[in-house]
Amino acid sequence: MAPTNASQARSDALVVFGATGDLASKMIYPALYQMTKKGVLDVPVVGIAGSKWTLRDLQKRATDSIESAGLAVDRTVLERLLSKLSYVGGNYNDPATFEALKKALGGTVRPAHYLAIPPSLFPTVIRGLGAAGLANNARVIVEKPFGRDLASARELNAIARSVFPEEAIFRIDHYLGKEAIMNILYFRFANSFLEPVWNRNFVSHVQLTLSEDFGVKGRGLFYESAGCLRDVVQNHLFQIVALLAMEPPAYQGYEAVHVEKANVFHAMRPLVRDDVVRGQYNGYRDEPGVAKDSDVETFCALRLFIDSWRWEGVPWYLRSGKCLAESAVEILVAFKPPPQRLFDDSRPASGLANYVRFRLQPNSAIALAARVKRAGQEFVGDQRELYLYNEHRGEETPYERLLRDAMIGKGTLFSGEDAIDAAWAVVDPVLADHRPTEIYEKGSWGPKSADALIAPYGEWHNPVVSKGAK
Ligand code: BG6
């Protein structure tokens with residue numbers, strides 16, 4: 001597909017707001033290192049944050065983060081990146097901070113400002129950039145979560161649009177930068193065999209699981225303001241649903257993909273109380289930064305309907321949680337059983353009939369489950385998987401891909417304002433109106449009510465990773 005805005009000029013500097021933070025340390029410096037290594041980052045990088053750091057402190061942080069990312073570090077590349085760094089420390093509410101940034105940017109004229117900061121600071125920084133004249137010919141890359149409900153997302157959009165034109169705003173959802181997720185779009189529309197069955201006539205229901213076997217990892221304070229629904233469901237899981245559910249784009253171009261994805265969000269039925277199960281792992285309230293009586297959900301399961309011609313009546317079951325039994329992301333598109341029971345076991349009373357399974361994490365694979373006859377006189381068989389292992393060795397990390405794309409003005413893998421608003425509109429009713437959380441044990445698959453939610457269609461498919469299953 002032809003990239004959008006590819007002809008736009010490359011950003012000639014990268015500004016990392018939140019340079020001393022967790023995200024920068026875990027994801028961004030390793031990505032910048034890889035970009036430097038591949039020759040796609042060769043511009044000044046200005047780190048900016050509230051701390052009174054020196055350039056040396058920043059260089060040390062970047063080095064530590066790159067060294068602990070498990071990369072085979074090439075010292076020449078590392079030095080090249082470190083030589084491009086500079087640091088500005090200051091309060092984002094103070095115009096002097098932006099003046100100092102301007103000075104650090106020197107003769108560069110087309111900076112890309114990346115906001116790896118707490119969402120509450122997005123408006124301050126965006127306005128500060130505008131007031132200092134630093135938005136001219138610039139791009140802004142905004143981390144998720146983009147807003148915390150429909151009203152705040154609209155407000156943030158309005159602020160961003162008052163300072164930057166839409167084509168200069170890049171709203172990140174790092175799931176869109178993952179190969180296995182890009183492959184959903186490719187796999188669906190580069191093949192013809194799926195299309196005839198990819199609809200309400202053949203699909204009984206769809207399941208999506210994003211499970212993590214660890215807790216909030218010191219991010220208790222952030223989690224208290226977010227919860228699972230805001231943290232990963234409204235964005236990461238919804239993006240996957242959009243790719244699975246969208247109509248074929250009408251032409252070859254990324255704008256067409258954006259339109260079709262947004263249409264899926266528009267067709268989603270707003271959630272109601274009974275569609276959602278919220279859980280909290282036992283011990284969450286003891287995490288630093290978490291209230292002793294917190295009702296924030298660390299697990300969320302929901303039933304979703306897409307009221308479109310293609311998907312009318314097909315439930316989509318989504319679930320995500322921390323401290324679950326496995327770390328994995330899997331999709332299961334379950335097909336209806338054959339219409340007539342010609343063999344005793346060909347129409348399972350419970351359990352799944354044929355399905356397509358996409359394993360997105362920790363590895364990438366696609367499997368198609370079908371029944372095959374067992375050897376012998378009886379016409380009985382087993383459910384087996386045709387299995388396609390789709391590993392991408394040396395693939396780019398999402399942040400490498402997304403930062404590179406944003407810096408050349410390529411908006412393909414970013415979310416548009418319309419899609420974000422429409423996705424918030426779906427979850428908005430249950431952000432306030434929901435049942436209390438149910439406590440679940442660490443290492444389980446979440447609260448029992450989540451099983452009851454899916455019961456009319458059978459059981460959750462629990463991804464298996466630890467026993468080496470793919
Ligand atoms: C982030 C969430 O957006 O996505 C985290 O804030 C979550 O809570 C993470 O753990 C999952 O991303 P990945 O790429 O590790 O699957």
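The values are calculated or read from the model by the stated rules, or taken from the named source; none is laboratory data. Everything numeric in this text was worked out from a predicted model, so none of it was measured. Positions of Cβ are generated from backbone atoms using ideal geometry, with glycine treated the same way; all protein chains shown enter the neighbour counts. Note: areas computed on protein heavy atoms with side chains; ligands, DNA, RNA excluded. Shrake-Rupley method; radii C 1.70, N 1.55, O 1.52, S 1.80 Å.
For residue 301, the conditions (1) in contact with a Gly (Cβ under 7 Å, 6 or more places away or on another chain); (2) within 16 Å of the ligand (Cβ to nearest atom); (3) closer than 25 Å to residue 457 by Cβ; (4) of a type in the set (Gly, Ala, Ser) all hold with the exception of (2). Here is the figure for region 204-222: residues that are at pLDDT 95 or above and open to solvent by 10 Å² or more (accessible area, probe 1.4 Å) total 5. With respect to being surrounded by fewer than 17 Cβ atoms within 10 Å (Cβ to Cβ), away from the ligand (no atom under 16 Å from the Cβ) and in contact (Cβ under 8 Å) with a residue 60 or more places away in the chain, residue 253 fits the description. I need the full set of residues from region 314-335 which are assigned to a strand (DSSP E or B) and either open to solvent by 10 Å² or more (accessible area, probe 1.4 Å) or touching an Asp or Glu at 6+ places or on another chain (Cβ under 9 Å) (or both), in order please. The answer is 320, 321, 324, 328, 335. When region 216-229 is limited to residues that are near the ligand (Cβ under 10 Å from one of its atoms) and in a loop (DSSP other than H, G, I, E, B), the one that is farthest from residue 430 (Cα to Cα) turns out to be 217.
One residue stands out in region 405-424 among those that are of a type in the set (Gly, Ala, Ser) and in a loop (DSSP other than H, G, I, E, B): the one that is least open to solvent (accessible area, probe 1.4 Å), namely 409. When residue 450 is tested against the conditions (1) assigned to a helix (DSSP H, G or I); (2) surrounded by 20 or more Cβ atoms within 10 Å (Cβ to Cβ); (3) in contact with a Leu (Cβ under 8 Å, 6 or more places away or on another chain), the lone failure is (3).
Table: residues versus (1) more than 27 Å from residue 451 (Cβ to Cβ); (2) more than 11 Å from the ligand (Cβ to nearest atom); (3) of a type in the set (A, V, I, L, M, F, W, C).
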| residue | (1), (2), (3) |
| --- | --- |
| 166 | yes, yes, no |
| 170 | yes, yes, yes |
| 179 | yes, yes, no |
| 185 | yes, yes, yes |
| 192 | yes, yes, no |
| 202 | no, yes, yes |
| 214 | no, no, yes |
| 231 | no, no, no |
| 235 | no, no, no |
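The residue that is nearest to residue 19 (Cα to Cα), among those in region 52-84 that are touching a Gly at 6+ places or on another chain (Cβ under 6 Å) and not in a helix (DSSP H, G or I), is 53.
State which residue is farthest from residue 101 (Cα to Cα) when the search covers only region 63-88 and only residues that are open to solvent by less than 60 Å² (accessible area, probe 1.4 Å) and touching a Pro at 6+ places or on another chain (Cβ under 9 Å). Of everything passing the filter in region 63-88, 71 is farthest from residue 101 (Cα to Cα).
Per this entry, residue 339 is counted among residues that are open to solvent by 50 Å² or more (accessible area, probe 1.4 Å), more than 26 Å from the chain's Cα centre (by Cα) and under 29 Å from residue 247 (Cα atoms).
Of the residues making up region 105-117, one or more are open to solvent by 30 Å² or more (accessible area, probe 1.4 Å) and of a type in the set (Lys, Arg).
Of 266, 174, all but one fail to be within 16 Å of the ligand (Cβ to nearest atom) and open to solvent by 10 Å² or more (accessible area, probe 1.4 Å); the exception is 174. Selection of region 12-65 for residues being under 27 Å from the mean Cα position of the chain (by Cα), farther than 21 Å from residue 142 by Cβ and of a type in the set (Lys, Arg) yields 37, 38, 61. When we screen 427, 372 for residues that are part of a helix (DSSP H, G or I) and either within 16 Å of the ligand (Cβ to nearest atom) or exposed (fewer than 13 other Cβ atoms within 10 Å of the Cβ) (or both), the only hit is 427.
For the structure I just gave you, tell me whether residue 100 is open to solvent by 10 Å² or more (accessible area, probe 1.4 Å), without any contact (Cβ under 8 Å) to a residue 60 or more places away in the chain and hydrophobic (A, V, I, L, M, F, W, C). In short, yes. Under the condition of being surrounded by fewer than 19 Cβ atoms within 10 Å (Cβ to Cβ) and either free of Cβ contacts under 8 Å to residues at least 60 places away in the same chain or at positive phi (or both), the residues counted in region 430-447 number 2. Against the numbered list (1) under 22 Å from residue 181 (Cβ atoms); (2) crowded, with 17+ Cβ neighbours inside 10 Å, residue 389 comes up short only at (2).
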